[in-house]
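Peer 1: Mind having a look at this structure? Questions to follow.
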Amino acid sequence: MAAPLPFVTEPERRTPVGGEYEVVVLGGGPAGIAAAAAAAAHGRKVLLVERYGFLGGMGTAAGVTNFCGLHANVFGEIKRVVHGVSGDLTARIDRLGGLNEPHLVLGKTCAQAYDTAAYKCAADDLLLSRGVDILFHALAVGIVKDNERRLNALLVETKSGRMAMRGQVFIDCSGDGDLAAFAGAAFEKGDMLFPSMMFRLNQVDPERAGEAWRTVPALMQEAEKRGASFPRKGAILRPQKHTREWRVNVTQVKTSDGRPVDGTDAREFARGEIEGRKQALAFFDFLKREAPGFAEAYIVDIPPQLGIRETRRVTGQYRLTAEDVVGCADFDDTVGVNGWPLEMHVAGDVVWRWPDIPGSRGYNHLPYRMLVPVDANGEAFDNLLVAGRCASMTHEGQSAARVSGACFVMGEAAGTAAHLSLAGNARCPDIPAGTLQTALERGGVFLGRP
Ligand SMILES: Cc1cc2nc3c(=O)[nH]c(=O)nc-3n(C[C@H](O)[C@H](O)[C@H](O)COP(=O)(O)OP(=O)(O)OC[C@H]3O[C@@H](n4cnc5c(N)ncnc54)[C@H](O)[C@@H]3O)c2cc1C
């Protein structure tokens, strides 16, 4: 057994208060963007804290460049089912010329690609237009509480030093459940989806590349017969808005003992970045040699970070399950819908499970209780909500509702609930579902009810 690490004792410190807000949102991914935009639309004074210098979360920082879960296959007809804040955002990306038309995924539903630069700029504009205060380059490192159930301030480290950002309601959209973990919420982190290092190519010949997402996996199988090996089966290669630019989603990054790299383990995460870039180079080499249309291509971008699909799943009043997703579950406290299937990035492969298509409505409700974290005794907090890929779900449930569409839905619900909590002087867990649903529908959210 490894010897325990030694400790140092830091001197006690007085931390300046960097601001006083009604709503403090941690994380600028789809959930955080929607949470901040929704709370601010109701006139709340909102702060969004983000460790990078741009918004978008995995969608930009990890080079995802593609929205899944905005659409669902409703009894055989593919429809957009996520609106609200995400509608405003995609319209802004489109106005910047950075949004693709939706494309078919496995013949069953649609996803929609975008340019990262347009996403970053559109998200800035969206939040500024609603009066959100954005603190970039700020890493959240802890919290201060009034008592066991009530949070007072989020502690952040910035280039101007450590600051305490006071709030009345806090929303954890960090993807990793950092804020909820600081607050003492229960969480699970065991089974995790494998991460991937995305990358993008330029100077692809789109005519020759054709439907490479179909042909390249066959080339990989041929190469394997000759002794080549790949980190995972299948390959997602698709053109971006400008058809010579393609995104590539093929890598799978694991530890030396075969586990998924844990994005909340500093050393594993660091090693994962290097391994991810090595895999990207190796696959690019294969593409150039073997795949038509890629001979002149070059890597135009390896994103700022390894793409982390799953770490902590914060335990809430309800955990969304695989059965909920494939069975298109109904909940009385629905705050919107998830239309994406289970997409399990397991060792060496990606395994899908869909609701009945075309026999079902193709989406499940997302209940408000997923957003209400509890501690080890099952007690909720007065003023803490969680939204996005770290919300309350089982490992399988998370493989579906982690995608952007459902994260926008959860964020918008959490931001709206934060407003209602302040308006009604009520604890977050006590917001009446009907009041929340009315407010969400007024904002254009589709709750999935007839
Ligand atoms: C490789 C890969 C491919 C994917 N492909 C798709 C796809 O095609 N389509 C799709 O819709 N989804 C896809 N996903 C999933 C999707 O991108 C994410 O699950 C989604 O972005 C989650 O949104 P979120 O807002 O919950 O969290 P995130 O997007 O993870 O955003 C969290 C934000 O919080 C910030 N943050 C975290 N901790 C702190 C801290 N302590 N202090 C300050 N800031 C902090 C992060 O920097 C980040 O900006 C993919 C994910 C990966 C990894």
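The values are calculated or read from the model by the stated rules, or taken from the named source; none is laboratory data. What you see is a predicted model, and the numbers here were worked out from it, not measured in a lab. FYI the Cβ positions are ideal-geometry reconstructions off the backbone, even for glycines, and counts take in every protein chain you see. Remember, those area values only see protein heavy atoms, side chains included, never the ligands or the DNA or RNA. Shrake-Rupley method; radii C 1.70, N 1.55, O 1.52, S 1.80 Å.
Peer 1: Divide by every residue of the chain the summed helix terms, -39500 (n - 2.57) for each DSSP H run of at least 4, and state the resulting mean residue ellipticity at 222 nm, rounded to the nearest 500 deg cm²/dmol. Write out the running numbers ahead of the final one.
Peer 2: Details: 12 runs with 132 residues, N = 450.
Computed ellipticity for the chain at 222 nm equals -9000 deg cm²/dmol.
Peer 1: Can you tell me how much longer the chain between Ala282 and Asp349 gets when fully stretched, taken as 0.36 nm per residue apart minus their C-alpha distance, in nm with one decimal?
Peer 2: Values: separation 67, 0.36 × 67 = 24.12 nm, distance 1.79 nm.
Extra length available between Ala282 and Asp349 comes to 22.3 nm.
Peer 1: Further question on the same structure: Which value, in Å², gives the accessible area per residue of the stretch 101-178 when a 1.4 Å probe is used on the protein heavy atoms?
Peer 2: Computed with neighbouring chains in place, this is 42 Å² per residue.
Peer 1: What are the semi-axes of the equivalent ellipsoid for the chain, taken as the square roots of 5 times the Cα gyration tensor eigenvalues, largest first, in whole Å? Intermediate results must be reported in sequence, preceding the final value.
Peer 2: Details: eigenvalues 240, 133, 87 Å².
Semi-axes from the Cα gyration tensor: 35, 26, 21 Å.
Peer 1: Can you find, among Leu96, Val326, Gly258, the residue farthest towards the positive end of the dipole of the chain? Put +1 on the C-beta of Lys and Arg, -1 on that of Asp and Glu.
Peer 2: Toward the positive end, the furthest listed residue is Leu96.
Peer 1: Residue-wise, which Karplus ³J(HN,Hα) couplings in Hz belong to the stretch 307-321, taking 6.51 cos²θ - 1.76 cosθ + 1.60, θ = phi - 60°, and x for glycine or proline?
Peer 2: So the Karplus estimates, Gly and Pro as x, are x, 9, 8, 7, 9, 6, 10, 6, 7, x, 5, 9, 10, 5, 10 Hz.
Peer 1: Could you give the dipole magnitude of the chain about its Cα centre, charging the beta-carbon of Lys and Arg +1 and that of Asp and Glu -1, in debye to the nearest 20?
Peer 2: Details: 50 positive and 53 negative charges, 122 e Å.
For the chain, the charge dipole is close to 580 debye.
Peer 1: Still on this structure, I have one more. Can you send over the solvent-accessible area of Tyr318, 1.4 Å probe, protein chains only, in Å² to the nearest 10?
Peer 2: Only protein atoms counted, so the area is about 50 Å².
Peer 1: Given +1 on the Cβ of Lys and Arg, -1 on the Cβ of Asp and Glu, and no further charges, what dipole in debye does the stretch 206-270 carry about its Cα centre, rounded to the nearest 20? Show your work: numbers first, answer last.
Peer 2: Working: 13 positive and 9 negative charges, 46 e Å.
Using only the charged Cβ atoms, the result is roughly 220 debye.
Peer 1: Moving to a separate point now. How many Å² of accessible area per residue for the stretch 329-444, probe 1.4 Å?
Peer 2: About 29 Å² of surface per residue is accessible.
Peer 1: For the stretch 343-449, what percent of Cα pairs sit more than 17 Å apart?
Peer 2: Working: 3325 of 5671 pairs.
For the stretch 343-449, the fraction of Cα-Cα distances above 17 Å is 59 percent.
Peer 1: Per-residue counts of other Cβ atoms within 10 Å, averaged by peptide: what ranking do you get for 217-224, 174-181, highest first?
Peer 2: On the way: 217-224: 14.4, 174-181: 27.2.
Per-residue mean Cβ counts within 10 Å order the peptides as 174-181, 217-224.
Peer 1: Let me ask another. Along each principal axis of its Cα atoms, how long is the stretch 259-407 end to end? Whole angstroms, biggest number first, please.
Peer 2: In descending order, the Cα extents are 54, 43, 24 Å.
Peer 1: For the stretch 293-363, what's the radius of gyration and Dmax over Cα atoms, in angstrom?
Peer 2: Looking at the stretch 293-363, its Cα Rg and Dmax stand at 17.5, 54 Å.
Peer 1: Now for a different question. Angle between the Cα long axis of helix 116-129 and the longest principal axis of the chain, 0 to 90 degrees, nearest 10?
Peer 2: Computed tilt is about 20 degrees.
Peer 1: Taking a quarter of the surface of the convex hull around the Cα atoms of the stretch 50-156, what do you get in nm²?
Peer 2: Numbers: hull surface 36.9 nm².
It is 9.2 nm².
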